[in-house]
1. Since Gly26 meets every condition but one in (1) within 14 Å of the chain's Cα centre (by Cα); (2) closer than 28 Å to Glu133 by Cα, which condition does it not meet?
2. Just to be sure I understand the filter: pairs with C-beta atoms under 7 Å, separated by 6 or more residues or on different chains, first member in the range 26-41 and on the phi > 0 side of the Ramachandran plot, second member not in a loop (DSSP other than H, G, I, E, B). Which pairs pass?
3. Tell me, yes or no, whether the range 6-20 has at least one residue that is touching a residue at least 24 places away in the same chain (Cβ under 8 Å), out of contact with any Lys or Arg (no Cβ under 8 Å at 6 or more places or on another chain) and among the aliphatic types (A, V, I, L, M).
4. What single numbered condition from (1) in the same structural domain as Gly121 (by TED's automatic domain parsing); (2) in a loop (DSSP other than H, G, I, E, B); (3) small (Gly, Ala, Ser); (4) more than 24 Å from Ala135 (Cα to Cα) fails to hold for Ala9?
5. Scanning for something under 14 Å from the mean Cα position of the chain (by Cα) and either in contact (Cβ under 8 Å) with a residue 12 or more places away in the chain or at positive phi (or both), does the range 47-67 turn up at least one residue?
6. For the range 95-111, how many residues are touching a strand residue (DSSP E or B) at 6+ places or on another chain (Cβ under 6 Å) and more than 15 Å from Phe125 (Cβ to Cβ)?
Amino acid sequence: MSAARAVGADVPVCLDPQPRLMRGIGEVLSRPLDLPLLPAVLVNPGVALVTRDVFARMTVERTEYPMRDVPREFDALIEFLKQDGNDLTSAATACAPVVAEVLDALQRLPAIKLARMSGSGATCFALFGTSAEAAAAAQRLGERKSWWVQTTTLGSGLAAT
């Protein structure tokens, strides 16, 4: 764990791949979360973002949200996630404006529940109610862009769906 922290503050979470909330610069982790299955689309526009550069571009104070209990039911979880955003989004879009284009494209997709940038970017994700909706969204994005687009399912699947 100490070797992982020496590589980067957000590396330890990768050693135990379970859903968690991350705070600070990635060093404050929640306990593993029991989440419902979350059909998703991941999109990367093919640009590299250096985490150090993104943090250097932050112009607002990071919001220190308290670690709260995360709802285990799908609709309640989506509403919970809508309350907080990713504090690094504006800094990442300053470094790579295409991130804003990706988020805009995701937010315009039919049946979308939530779109966010992941970590310090440039990968973004969108959550959907069903795998079929996620697959249709990925196909639609794949037809229009040269971005990397991948469907997946996030969450542990242990919580009630």
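1. (2)
2. Gly26/Val13
3. Our first condition is that a residue be touching a residue at least 24 places away in the same chain (Cβ under 8 Å); within the range 6-20, this holds for 8, 10, 18-19.
From the residues that got through so far, the ones that are out of contact with any Lys or Arg (no Cβ under 8 Å at 6 or more places or on another chain) too are 8, 10, 18-19.
Subset that is among the aliphatic types (A, V, I, L, M): none.
No: the range 6-20 contains no residue that is touching a residue at least 24 places away in the same chain (Cβ under 8 Å), out of contact with any Lys or Arg (no Cβ under 8 Å at 6 or more places or on another chain) and among the aliphatic types (A, V, I, L, M).
4. With respect to (1) in the same structural domain as Gly121 (by TED's automatic domain parsing); (2) in a loop (DSSP other than H, G, I, E, B); (3) small (Gly, Ala, Ser); (4) more than 24 Å from Ala135 (Cα to Cα), Ala9 is out only on (1).
5. The first filter runs over the range 47-67 and keeps only residues under 14 Å from the mean Cα position of the chain (by Cα), leaving none.
Within the range 47-67 (the criterion being under 14 Å from the mean Cα position of the chain (by Cα) and either in contact (Cβ under 8 Å) with a residue 12 or more places away in the chain or at positive phi (or both)), the answer is no, since none of the residues qualifies.
6. Count: 0.
The values are calculated or read from the model by the stated rules, or taken from the named source; none is laboratory data. The model shown is predicted, which means the values in this text are computed figures rather than measured ones. Don't worry about glycine lacking a Cβ; one is built from the backbone with ideal geometry, like all the others, and counts go over all protein chains shown.
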